[in-house]
1. List the residue pairs whose Cβ atoms are under 7 Å apart, where the first residue sits in region 322-351 and is over 14 Å from Ala376 (Cβ atoms), the second is hydroxyl-bearing (Ser, Thr, Tyr), and the two are 6 or more positions apart or on different chains.
2. What residue, of Val250, Val289, is within 16 Å of the ligand (Cβ to nearest atom), touching a His at 6+ places or on another chain (Cβ under 6 Å) and open to solvent by less than 10 Å² (accessible area, probe 1.4 Å)?
3. With Tyr212, Tyr243, Tyr183 as the choices, which residue is among the hydroxyl-bearing types (Ser, Thr, Tyr) and within 16 Å of the ligand (Cβ to nearest atom)?
4. Looking at Leu392 and the list (1) hydrophobic (A, V, I, L, M, F, W, C); (2) away from the ligand (no atom under 16 Å from the Cβ); (3) modelled with pLDDT under 95, which single condition is not satisfied?
5. Within region 184-221, can you find the residues that are part of a strand (DSSP E or B) and touching a residue at least 60 places away in the same chain (Cβ under 8 Å)?
6. Within region 796-836, how many residues turn out to be part of a helix (DSSP H, G or I) and within 29 Å of Leu108 (Cα to Cα)?
7. Run down Asp665, Asp657 and say which single residue is without any contact (Cβ under 8 Å) to a residue 24 or more places away in the chain and either open to solvent by 50 Å² or more (accessible area, probe 1.4 Å) or within 35 Å of the chain's Cα centre (by Cα) (or both).
8. Any residue in region 691-702 that is open to solvent by 50 Å² or more (accessible area, probe 1.4 Å) sitting within a Cβ distance under 7 Å of a residue that is modelled with pLDDT under 95 and not in a helix (DSSP H, G or I)? List the pairs, counting only those 6 or more apart or interchain.
Amino acid sequence: MTDDLVRLEDYAPAAYTVTHTDLVFHLHPSATQVEARLQLVRQGSSDTMQFNGVGLTLKSIAVDGKPLAAEQYHYADDMLVVSGLPERCELHTVVTIDPSANTALEGLYMSNGMYCTQCEAEGFRRITFFPDRPDVLSRYTVTLWAEQAAYPLLLANGNLVAEGKEGTQHWAKWEDPYPKPSYLFAVVAGDLACLASSYTTAEGRDVALKIYAEERDLPKLEHAMASLKASMAWDEKVYGLSYDLDLYMVVAVSHFNLGAMENKGLNIFNTACVLAHQDTTTDQGFQRVEAVIGHEYFHNWSGNRVTCRDWFQLSLKEGFTVFREQRFCEDSNDAAVKRVEDVKLLKATQFPEDQGPLAHPVLPSSYRDIDNFYTATTYEKGAELVRMQWELLGEEAFLRGADLFFTRFDGQAVTVEDFIACMEEAGGRSLQQFKRWYTQAGTPHLTVTDSYAEGVYTLTVTQHTAPTPGQPHKAPYVIPLRMALLDGNGAPVALDEAGSEECVWEITEGTESRSWALAEKPTPSLLRRFSAPVALHYDYSVAQLVALVQNDTDGYVRWEAAQQLYHRAIVDNDTALVEPLVALAQQLLAEAKGQEALTALLLQLPSVNELGAALNPVDYHALHARRQALAAAMGKALVPAWQACVLPADKAAYAVDVARVGRRDLQRVALQYLTAAEAEGLDAQLQRLYEQADNMTERADALRLLWHQQGVGAEAMLAAAYTAALPEPLVMDMWFAVQATRPAADTVEQVAALLQHEQFEWTSPNRVRAVLGQFGQHNPVAFHREDGAGYALWCEGVARLDVLNPQMAARLLSAVMGIQRLPSPQRQLLVQHLEQLGQGKLSKQSRDVLTQLLAPAA
Ligand SMILES: [Zn+2]
């Protein structure tokens with residue numbers, strides 16, 4: 001076996017850079033011809049240059065117009081090597097590729113009859129020979145030729161500079177004035193409708209905004225357009241960054257491995273992240289569109305104008321951009337609610353990653369397949385690292401640091417190190433120790449103890465991070481601990497002579513203490529706003545937790561206190577907590593008006609996955625049963641109060657604003673409790689809700705609750721939902737997902753049937769995610785069925801998918817968390833099935849993940 005490990009320490013610039021890239025595409029479903037002219041300039045002393053190329057059929061190759069003799073180049077193992085190149089020259093290649101056979105959806109492929117591309121991270125090498133690495137920045141001109149009738153629309157990055165036709169074919173020539181790495185390259189050809197609008201930047205540039213989708217989806221683009229304009233205005237207001245081309249295009253495609261891609265001037269989006277309409281999209285769907293539109297737009301600076309030197313620096317663009325997206329959404333929604341939702345996601349996806357065999361630092365030192373580093377650690381934890389710098393520096397200095405970063409490195413490919421250096425300069429402080437957050441994997445545990453004697457209150461903090469693969473010892477982190485101290489009435493006490501009620505305690509040592517002179521022992525309010533991605537342990541009493549939920553002014557601390565109460569009640573099976581929890585819920589419901597969304601979050605019981613995330617061993621079935629019992633008890637005790645959260649049918653017109661989304665959130669939680677309590681008449685109530693709702697949020701809630709409960713009329717509602725979903729692929733995805741997530745043993749057989757369903761498509765990533773992804777990640781009860789049937793079914797599915805789409809298969813695999821924490825014999829069963837999967841033929845990506853998953857178990 002060859003060692004194909006890529007190491008950060010081996011980084012060296014390419015022998016040649018490509019100053020200009022001219023591409024001519026003759027698009028054909030099975031034989032597209034790509035002609036490339038690369039202007040090469042030597043960067044070092046070597047006259048030999050490597051060009052990546054995967055699955056390309058080479059038709060001709062020439063340097064400065066002279067065809068190369070066979071001994072002058074070598075194409076093998078996905079690499080074209082050309083020797084004896086002059087200092088400056090033009091490499092001219094012609095290749096053919098087969099987009100219709102491309103089910104991996106990397107490079108140029110077909111989605112529902114149209115051509116589109118996905119080049120990040122390493123898809124461009126499937127289009128033409130090129131040094132396919134992010135530090136080779138080139139100016140591109142692209143000419144697309146295609147049959148005009150079938151593909152009236154021809155798009156590429158930048159600005160349209162010329163177009164014409166010849167017979168049945170037409171062509172369009174695009175020019176992108178900004179040098180960019182190959183991963184930002186994009187083309188689209190198809191028959192699409194367009195929603196057009198415009199935006200005038202602060203600099204006075206009139207930008208044409210165009211969002212393309214299938215004709216029938218035109219009415220679903222307004223929300224994306226409004227979100228785009230809001231993103232453009234936000235980046236100008238907060239970061240002082242304006243858009244830099246005359247045209248910004250977004251194209252919706254149905255077959256897409258990811259959420260969306262920030263290609264320069266030509267974003268390509270999964271339909272799920274751009275289409276939004278009250279009849280087809282839930283509130284969460286609307287919010288996702290806003291977030292993803294913002295995210296890809298913000299990349300125009302954090303990623304495109306300033307890009308990554310190499311893929312080890314992936315979090316430079318992703319962590320920073322997720323942080324920018326989070327702050328944008330905090331500003332346009334309820335900030336506290338948004339923060340809690342982001343923390344929930346981090347704890348549900350990244351914390352388990354840190355505990356398992358796939359744990360890796362935000363800035364890894366080596367990788368086998370870069371596609372497997374598009375993880376919660378790179379994105380969500382990466383965002384938390386940027387957020388901590390914002391906490392440590394304060395907003396004003398942080399924004400100055402960002403400004404310095406964009407000014408200093410505009411048009412360059414740089415590193416995380418460069419970003420931190422700008423923050424140090426703007427903040428006038430060292431972040432050297434802080435950098436450990438980037439190079440050490442694992443979630444730090446922060447244990448807090450306190451004492452009170454003779455009017456002095458002392459807090460002692462100890463940090464510890466468990467070993468992760470390849471990193472047995474961890475040095476202490478810099479941890480910004482935002483905190484307050486609350487008196488007996490829940491009011492914050494003054495922490496210093498200036499009367500500050502909140503401070504950021506910057507912890508740098510393994511153990512540290514701090515004291516305050518106080519008249520009484522306070523309740524500490526710790527990790528406010530979740531100021532650092534750590535697991536915090538403080539031995540609160542039940543009364544203190546209840547008081548924090550009731551009185552604290554920090555949304556995160558309130559939510560975390562409620563989580564701890566639920567954990568104790570469910571995980572520790574502490575039935576004495578039912579009574580105080582009922583009383584707390586009653587009070588929260590009584591005070592819900594005006595803060596329904598936060599109330600819903602506070603009342604929402606943690607999912608089985610959340611409950612099990614830190615347990616070893618973890619018994620998902622017992623957790624599910626106890627969670628249901630608590631929900632039933634809390635449901636039964638407060639039936640009238642829960643019923644009062646159910647919205648009247650004669651409500652005002654649907655809108656996705658903070659208040660109305662919050663009321664629907666609270667209604668959903670109330671219906672969950674009522675369902676668990678098997679409240680009288682509830683099945684009929686859910687049926688009415690389904691029939692009378694004027695929006696997908698409530699219809700989806702009704703369907704999920706009735707179906708998961710197998711209530712009266714569930715079959716009929718599922719059948720009605722199917723008919724309604726037929727013309728809408730994204731609604732059909734939900735229809736599949738509702739069934740794949742029902743927490744019951746026989747869901748395994750149902751998922752097997754869904755995989756045979758005539759509407760199931762192995763080549764559609766959204767459909768695969770809706771069934772196999774949801775089943776594996778969000779249905780622990782069925783997935784971990786005692787006889788291992790869930791594992792068998794799922795592994796067979798992954799094997800089948802891997803043949804078509806290795807990236808998707810590897811992603812499904814990497815979501816298998818906590819194998820080592822499963823009790824026996826489930827652990828052995830899962831390992832057996834995974835080993836069996838490994839004995840078959842597997843792609844490089846999937847093999848990479850599987851090897852890591854199984855390594856500690858072996
Ligand atoms: Zn991104």
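1. Every condition considered, the pairs that remain are Arg324/Ser302; Phe328/Ser231; Arg339/Tyr556; Val340/Tyr556.
2. Result: Val289 is the single residue among Val250, Val289 that is within 16 Å of the ligand (Cβ to nearest atom), touching a His at 6+ places or on another chain (Cβ under 6 Å) and open to solvent by less than 10 Å² (accessible area, probe 1.4 Å).
3. None of the others qualify; the one that does is Tyr183.
4. For Leu392, the failing item is (3).
5. Val187, Val188, Ala189, Gly190, Ile211, Ala213
6. Going through region 796-836 one residue at a time, the tally reaches 18.
7. So the residue among Asp665, Asp657 that is without any contact (Cβ under 8 Å) to a residue 24 or more places away in the chain and either open to solvent by 50 Å² or more (accessible area, probe 1.4 Å) or within 35 Å of the chain's Cα centre (by Cα) (or both) is Asp657.
8. Gln692/Ala649; Asp694/Tyr654
The values are calculated or read from the model by the stated rules, or taken from the named source; none is laboratory data. Model, not experiment: these values are computed from the prediction. Ideal geometry is used to build each Cβ from the backbone, glycine not excepted, and the neighbour counts take in all protein chains shown. Surface areas here come from the heavy atoms of the whole protein model, side chains and all, with no ligands, DNA or RNA. Shrake-Rupley method; radii C 1.70, N 1.55, O 1.52, S 1.80 Å.
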